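Q: First the structure, then my questions, so here it is.
The values are calculated or read from the model by the stated rules, or taken from the named source; none is laboratory data. Small disclaimer: the values here were computed from a predicted structure and weren't measured. Cβ atoms come from the backbone with ideal geometry, glycine included; neighbour counts cover every protein chain shown. Ligands, DNA and RNA are excluded from the accessible area calculation, which covers all protein heavy atoms including side chains. Shrake-Rupley method; radii C 1.70, N 1.55, O 1.52, S 1.80 Å.
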Amino acid sequence: MSKCSFVAIDFETATTNRFPCQMGIVVVRGGQIVEKREYLIKPPENKYSRNCINVHGITPDKTKYCPEFSELWPEIREYLRCEVVVAHNMDFDFSVLDTAIRYYELDCPPVLSYRCTCSLYNGNKLSSVIEALGMELNNHHDAVADAEMCAKIFIAHLIDGVDPDELIYPEPKKKPDKQQRNTFGSLLTVDEDLLSKVRELTNDAFELFLSPSIFESKRVINTGDLSCISRNELKQIIVDTGGKYASSISKSVDIVILGQNPGPKKIEMIIELQESGHSIMCLNEPQLEKFLDLIEYGKERRS
């Protein structure tokens, strides 16, 4: 038990560019939580996106007098230095950390190793793991609360011997035989050739023509799960911005929004259509989030 020592972290973000507005740190020594720290962080220019506020409830008013990340970094750095750092969805949390470090040109601390509890528990979201373990998740999307629960589910595995494969999850996910991470952060069970083609589908020129009218007079379809918006909300936004939501992939589709775990057959159809000369634009979820931020901004400007 004395060897069960690590630091669990969690971030909440102010924008889809992943600038942090809150960080939670939970220190574990000998299998026991010995310290919890919360940092409210003022993002650059104290800017927020509506979508992020809707997730965690942190607003510009709450951080306008808070220090920026660079001011807090000397203290945060010491918590991470030479530690085993644990997070639920390590890719996300370390991308947030990387964004801040690069923006403020900070030095990166030496970290002993990294552990991702999301991968450990077969890709299940934090709330599902907590429920499967019979624990209570209070104040979800508060960085300290989520970091604490991340620490507890890691302790449950290390000390109590919980086998993630034996748990019954509220929304069970079949563990892929072969996990491959694509450019928009999802897990696909596909062969290598198809996977390499999937990486080429998202349009790198998206930034050049991003506008509130990107869906206007276009037929749009979504394949895969989206975390930033429900399917019904997406359908309504497509219609409200002048587009038409399509029910299936065909030659008439103009735009495909790729979420997590898109169907391999649909991906194959998109590739076939593109290779036969049909112009189909593919957007990933971060690109969709930028569009959602843009139309929210437009609404605020008009109000």
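Q: Given 0.36 nm per residue, what is the gain on full extension from LYS64 to GLU272 after removing their alpha carbon distance, in nm?
A: Gain on extension, LYS64 to GLU272, equals 69.8 nm.
Q: Here's something else I'd like to know. Between region 3-22 and region 64-87, what's the alpha-carbon centroid distance in Å?
A: Taking the Cα centre of each part, region 3-22 and region 64-87 sit 10 Å apart.
Q: Ok, one more. Kirkwood Rh over Cα pairs of region 43-170 into Stokes-Einstein at 25 °C, 0.890 mPa s: D in µm²/s?
A: Numbers: Rh = 16.4 Å.
Taking Rh from Cα pairs, D becomes 150 µm²/s.
Q: Of all trypsin sites (Lys or Arg not before Pro) in region 53-126, which ones are in loop regions per DSSP and have a Cβ with at most 11 other Cβ atoms within 10 Å? Let's see the in-between values first.
A: Values: sites: LYS62, LYS64, ARG77, ARG81, ARG102, ARG115, LYS125; in loops: LYS64, ARG81, LYS125.
Listed in order of number, the matching sites are LYS64.
Q: Here is a further query. Would you mind telling me the share, in percent, of accessible area of region 58-114 contributed by carbon and sulfur at probe 1.4 angstrom?
A: 52 percent
Q: Once you order the gyration tensor axes a ≥ b ≥ c over the Cα atoms, which shape class does region 1-88 get: rounded for a/c under 1.5, otherwise prolate or oblate by comparing a/b with b/c?
A: The shape class here is prolate.
Q: Quick one: of LYS125/LYS152; LYS42/LYS152; LYS62/LYS125; LYS47/LYS290; LYS125/LYS290; LYS42/LYS64, which pairs are farther than 18 Å apart, Cα to Cα? Each step should come with its number before you reach the end.
A: Numbers: LYS125/LYS152 14 Å; LYS42/LYS152 28 Å; LYS62/LYS125 27 Å; LYS47/LYS290 14 Å; LYS125/LYS290 23 Å; LYS42/LYS64 6 Å.
Violating the 18 Å limit, Cα to Cα: LYS42/LYS152; LYS62/LYS125; LYS125/LYS290.
Q: Taking 0.36 nm per residue of sequence separation and subtracting the Cα-Cα distance, how much length would be gained by fully extending the chain between ILE53 and ARG81, in nm to one decimal?
A: Numbers: separation 28, 0.36 × 28 = 10.08 nm, distance 3.06 nm.
Length gained between ILE53 and ARG81: 7.0 nm.
Q: Next question, about the same structure. What are the GluC sites (Glu not before Pro) within region 211-303 that DSSP puts in a loop, where the Cβ has at most 13 other Cβ atoms within 10 Å?
A: GLU216
Q: Please report the net charge: other residues with Cβ closer than 9 Å to the Cβ of CYS21, K and R +1, D and E -1.
A: That sum, taken over residues with Cβ under 9 Å, equals +1.
Q: Starting from 0.36 nm per residue, how many nanometres of slack lie between GLU45 and SER252 once their C-alpha separation is accounted for?
A: Once the chain is fully extended between GLU45 and SER252, it gains 70.3 nm.
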